[in-house]
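What follows is calculated from the coordinates using simple rules that are stated; it is not laboratory data. The structure presented is a predicted model; accordingly, all values stated were derived computationally and were not measured. Reconstructed Cβ throughout: ideal geometry from the backbone, glycine too, with neighbour counts over all protein chains shown.
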């Protein structure tokens with residue numbers, strides 16, 4: 001593995017063929033561990049092949065990955081443990097990726113572009129892939145789209161005009177990345193986020209056609225209202241129905257694809273709590289975080305958090321401190337870069 005730094009954007013390369021046969025997979029698995037749990041069949045460990053060539057463009061990573069068939073999993077536990085809250089914009093150059101991203105089944109083929117939200121679960125099997133991946137901070141992309149929580153698993157077919165446009169841009173950015181200065185990289189990646197949002201806009205709008213009872217604009221307004229009221233422990237379906245003039249049965253039908261109204265509110269409270277627990281900019285007591293996001297007691301918060309993430313809030317905070325130490329001391333550049341994304 002190499003890690004080059006100078007006037008241009010830092011770059012690193014990882015190639016399993018540069019290591020002893022079986023060590024290559026286990027090093028690969030370790031490098032991927034901040035984002036995915038990866039797996040191959042026992043027979044494939046000895047013949048494993050995987051390479052990465054990645055550029056560090058400020059708060060954005062851009063890389064090429066070529067590897068053999070394997071599974072990629074991101075569980076709720078890994079989401080809590082990693083603290084990485086980014087989107088991946090993935091261009092499939094070769095191979096195929098099939099599986100489930102959040103609530104969506106995906107089948108991504110050569111030329112397609114797919115969006116992965118690292119705050120949501122992922123389970124895919126990728127077959128002999130060659131892909132380009134752009135890792136964007138949530139705060140860079142989310143404000144530019146109308147439904148940021150709906151991006152996970154969205155795809156643009158390579159044969160579509162917008163898919164071809166975004167695909168060409170990602171390829172061009174990768175070719176130019178080696179020569180970009182850090183200042184140029186910052187400017188270009190902001191423009192790239194705007195282009196991604198522009199290309200995804202029509203796809204997001206098309207979701208209106210399948211949402212029952214209400215248009216997407218009203219759904220987005222309800223979600224914003226929920227986010228504003230999370231701190232009220234008495235907040236629930238009754239307040240939403242009254243605020244928007246809808247019946248409870250209609251509201252329940254609307255939120256059924258999201259697991260129900262109560263489940264959605266709980267999930268938003270837990271997601272906000274997780275963000276507070278992993279924030280590098282402020283450190284609140286666990287009890288204060290619980291009350292801030294509408295839990296009646298620290299005990300109730302801890303039970304709900306453990307049920308969702310498989311670890312307690314204090315476990316997350318402890319692992320966060322360990323993450324900082326490993327980011328400072330790791331000699332594995334790719335893994336270190338992703339640790340650094342989590343603590344920016």
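Worth pointing out:
- Between helix 333-343 and the chain there is an angle of about 20 degrees, using the helix long axis and the longest principal axis of the Cα atoms.
- Once the chain from residue 130 to residue 165 is taken as fully extended at 0.36 nm per residue, the excess over their C-alpha distance is 10.7 nm.
- Spin-label model distance (nm) - residue 220 vs residue 238, 7 Å beyond Cα toward Cβ: 3.1
- 0 to 90° range, to nearest 10: angle between helix 298-309 axis and the chain longest Cα axis: 50
- Paramagnetic label zone (point 7 Å from Cα along Cα-to-C-beta, residue 312; backbone N under 14 Å) in the range 243-286: 286
- For the range 211-310, alpha-carbon Rg and Dmax in angstrom: 14.4, 42
- Helix-only CD estimate at 222 nm, as mean residue ellipticity for the chain, using -39500 (n - 2.57) per DSSP H run (n ≥ 4): -14500 deg cm²/dmol
- Ratio of the Cα radius of gyration of the chain to 2.2 N^0.38 Å, where N counts its residues: 1.03
- Applying 1/(1 + (r/R0)^6) with R0 = 41 Å to the Cβ-Cβ distance of residue 75 and residue 186 gives a FRET efficiency near 0.80.
- Semi-axis lengths (Å, descending) of the ellipsoid that matches the C-alpha gyration tensor of the range 1-81: 23, 18, 9
- Length gained when the stretch residue 22-residue 94 is fully extended (0.36 nm per residue, less Cα-Cα span): 23.4 nm
- Remark: spin-label model distance residue 105-residue 42 equals 3.1 nm, labels positioned 7 Å along the Cα→Cβ axis.
- For the listed peptides 105-111, 85-91, 231-237, a ranking on the average number of other beta carbons within 10 Å per residue, highest first, reads 85-91, 105-111, 231-237.
- For 22, 150, 242, order by how many other beta-carbon atoms lie within 10 Å, fewest first: 242, 22, 150
- Between 0 and 90°, nearest 10: helix 182-206 axis offset from the chain longest Cα axis: 50
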